[in-house]
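Please treat every number below as a calculation from the coordinates, not as lab data. None of these values were measured; they are calculated from a predicted model. Positions of Cβ are backbone-derived with ideal geometry, glycine not excepted, and every protein chain shown enters the neighbour counts.
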Amino acid sequence: MSNKFFINEIYYLTKADKVFGLFMYFYSNMSTLLPTTGLDRDEIHQQWEAYTHDDMNWKEGKFFGYVYYPGDDYYKIIKEAYATFSATNALNPAVFPSLKKMENEVVRITASLLHGDEQVSGCMTSGGTESIYMAVRAAKEWSKKNKTTKNPLMLLAETAHPAFCKAADAMELNYKLIKLNADFQLDIEDLKKNLSTDVSFIVASAPSYPQGAIDDIEAIAKIAKQHKCLLHVDACVGGFILPFLKMEEVDLPKFDFEIDGVTSMSADVHKYGYAAKGASVVLYKNANLRKGQFYVKTNWSGGIYGSPSFMGTRGGGPIAAAWTALHHIGEEGYKRMARETFEETVFVKNKIKEELPELKILGNPKATLFAFSSDVIDVYEVADELALLGWTINRQQLPASLHVLLNYIHVGKGELFINDLKTAVKKAKQFSLLHLKNNIQLSAVKGLKKLLNEQQFSTLTQKFSGTEDGGKRKAAMYGMMSELSGSGTLNDLVLDYLDKLYQIDDKNA
Ligand SMILES: *Cc1c(COP(=O)(O)O)cnc(C)c1O
């Protein structure tokens, strides 16, 4: 397994862990035992209120990623669709033809937005990860029939979404990480160097999640064609905004089925499609390629079992909500939201460039997400200061940077962010005992790492990662985490966190 677990996932986990702990402390009777008599509506609402107390207040918009929101007006009916179809099941298309029809229409609309012809075929899935899983499976099946190699190899950039490696791990498919160029795009030269007879699947991103870089898909597609292998373009985050930005005359490179050589794509309706969560689309150049993702078992006593994607039972809610979002918002609505979000992003980027010389935007991000780093201050401390001002901002690594991803909910909030960012940068620049403490802790960690064995060190670092200021200051912990990166210790630490996170109920029972 790869060591490159997202560092902010750890942040998220530690934070979630703490929040969970608090819940269990206050509500341990409520949540671990089934109530003998069911709670009524008011009681349930009270519990919701209590449970969500520590959740991020996303309607304030002081976060990036996580929630894509088109505003209450649009969302009202999207929510209604989710609720109305929540009991239905897309497992068997014969039982709920309504869902089949909606799914097909969502797939067709997505295909046409991404310049797919009538041959382009696809499915809806529960999210980007499942779409990617399916594309990897289809590629594996394809290479069995079309490649001579016994060990098909997937090539992907270091910054490609971990879902590809997750899928490859599950299917025991080999993969190799390709270097980045100075703009954080997949490096074409390094890609060429790694071509071999085993290579049957290349992955590109439009854009990548960490730095928002759109890969040079045209150049990659040419290579994929010459090498007679498949090319997946991961447009999970870009699929429902890049097409509309292009319609609005924003200068963007080609990235989709318009390019000969692109054989599959993923696009999340639950991101910039503003649908309810649990909705993504995976598309293939033709139906034959798509067949590779289907699963069939003919000798089961429950009947002949066929399943188009990973899930068995599939809720009708996400499908109906995705269909409703597309039809309710419409091209005009998406274009307007895309343009306004883009303009807000340009404003934020320009302000950073012009008024915050301490920060530097990584690469040349062209859409509505980007990352910034610093050569003069610790950006993790900037994140700490932003957290104290109420912002949730993701900490990234390789290099240390902070992640900014705007959607329609952020329109009009750019100035507030810039002002708070200025305050945070100023604080991070000041000499303080806290920073000194961070540094002392860090040098202690570096020293101890040399002295102790992995097990002792792991135990110690877990103790070290204690929190201050309500858990909002984390810079020292991030420093330690990057110290650990590349060793087995970090992997174990993350596994421990995950384990702990899902064990709490048992402990209290
Ligand atoms: C979000 C995202 C994914 C994964 O999608 P999930 O819906 O979180 O499973 C994959 N690739 C990119 C580029 C993404 O932004």
Self-check item: Protection proxy ranking of 65-75, 113-123 - average other beta-carbon atoms within 10 Å, highest first
Solution: 113-123, 65-75
Self-check item: Under Karplus coefficients 6.51, -1.76 and 1.60, residue-wise ³J(HN,Hα) of the range 399-415 in Hz, glycine/proline x
Solution: x, 4, 7, 10, 9, 10, 9, 9, 9, 4, 5, 8, 4, x, 9, x, 5
Quiz prompt | Rg/Rh (Cα only; Kirkwood hydrodynamic radius) as it applies to the range 283-335 | solution = 1.15
Quiz prompt | For the range 296-389, Kirkwood radius (reciprocal of mean inverse C-alpha pair distance, Å) | solution = 18.3
Practice problem: Using only the Cα atoms of the range 219-348, build the gyration tensor, take square roots of its eigenvalues as a ≥ b ≥ c, and label the shape rounded, prolate or oblate: rounded if a/c is under 1.5, else prolate if a/b is larger than b/c, else oblate. | Solution: oblate
Quiz item: Quick one: which of 77-85, 159-167 comes out on top by average Cβ neighbours within 10 Å, and what's the full order, highest first?
Solution: 159-167, 77-85
Practice problem: Return the ratio Rg/(2.2 N^0.38 Å) for the range 45-91, where Rg is computed over Cα atoms only. | Solution: 1.46
Self-check item: For the range 221-228, Karplus couplings with θ = phi - 60° (6.51, -1.76, 1.60), whole Hz, Gly/Pro x
Solution: 5, 4, 5, 4, 5, 4, 8, 6
Quiz item: With labels modelled as points extended 7 Å from the Cα through the Cβ direction, what inter-label distance (nm, one decimal) is found for Asn146 paired with Glu355?
Solution: 5.1
Quiz item: Which of the aspartates and glutamates could a cross-linker bridge to Lys285, judged by Cα under 13 Å and excluding same-chain residues fewer than eight apart?
Solution: Asp117, Glu118, Asp256, Glu258, Asp260
Practice problem: Take the Cα pairs of the range 91-201, get the Kirkwood Rh, then feed it into Stokes-Einstein at 10 °C and 1.306 mPa s and tell me D in µm²/s. | Solution: 99
Practice problem: Quick one: P(r) of the range 69-138 from all Cα-Cα pairs, 5 Å bins, percents rounded to integers, in order of increasing distance. | Solution: 3, 13, 16, 23, 23, 15, 6, 1
Quiz prompt | Relative compactness, the range 334-373, computed as alpha-carbon Rg over 2.2 N^0.38 Å | solution = 1.22
Quiz prompt | Under 5 Å, built H, 5+ apart or other chain: amide partners of Ile178 | solution = Leu156, Ala157, Glu158
Quiz item: Taking square-rooted eigenvalues a ≥ b ≥ c of the alpha carbon gyration tensor, is the range 386-426 rounded, prolate or oblate, where a/c under 1.5 means rounded and, failing that, a/b exceeding b/c means prolate?
Solution: oblate
Quiz prompt | For the range 174-253, alpha-carbon Rg over 2.2 N^0.38 Å | solution = 1.14
Practice problem: Quick one: which residues, 5+ away or cross-chain, put their amide H under 5 Å from the amide H of Val199? H built at 1.01 Å from N. | Solution: Leu153
